[in-house]
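Participant: Can you keep this structure in mind? I'll have questions shortly.
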Amino acid sequence: MDKHRGLMLLFICVGLTHTTHTTHTALVEKLADLKICADTHCSYVISVAQALEDYVASDCRFINLRRGQKIYVFSKLKPGEGAGIFWSGSVYGERYVDQMGVVGYFPSNYINETHVFQKKTVEIPTTDMDFFCA
């Protein structure tokens, strides 16, 4: 019996250790109910922009921007009354390899849209997964 209790205690301890080291995920407040995209899946780039100044992400939904950095814009949130205007995109550049491929939101007033690839866009509802933090 003691051997079984010892094994049970070991499994419980390992389980507790594992749960305390896992990544916390959460759904956070939606920034908007609608978004503008190049296609219905928001998988194509709408435009390219350049960061006008540095921006430090306030939570996991956002990405950091550095002045002069190139950003590929995938969607533009349609703000509700009194809300800020946020776009989503991914940064690009040799100096920013650690952030390449990470898609997140940023305030649109921190960037200058330099080239529009897709003038015809679609407006679709946002989902809870658009604001999921991992």
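The values are calculated or read from the model by the stated rules, or taken from the named source; none is laboratory data. Because the structure is predicted, anything quoted here is derived from the model rather than measured. FYI the Cβ positions are ideal-geometry reconstructions off the backbone, even for glycines, and counts take in every protein chain you see. Please note that ligands, DNA and RNA were not included when accessible areas were found on the heavy atoms of the full protein model with its side chains. Shrake-Rupley method; radii C 1.70, N 1.55, O 1.52, S 1.80 Å.
Participant: Limited to the stretch 43-92, what total is found for residues that are among the basic types (K, R), part of a loop (DSSP other than H, G, I, E, B) and more than 15 Å from the chain's Cα centre (by Cα)?
Facilitator: 2
Participant: How many residues does the stretch 57-89 contain that are in contact (Cβ under 8 Å) with a residue 60 or more places away in the chain and open to solvent by 40 Å² or more (accessible area, probe 1.4 Å)?
Facilitator: Within the stretch 57-89, residues that are in contact (Cβ under 8 Å) with a residue 60 or more places away in the chain and open to solvent by 40 Å² or more (accessible area, probe 1.4 Å) number 2.
Participant: For the stretch 2-56, name all the residues that are among the β-branched types (V, I, T), open to solvent by 100 Å² or more (accessible area, probe 1.4 Å) and modelled with pLDDT of 50 or more.
Facilitator: Hit for the stretch 2-56 is V56, nothing else.
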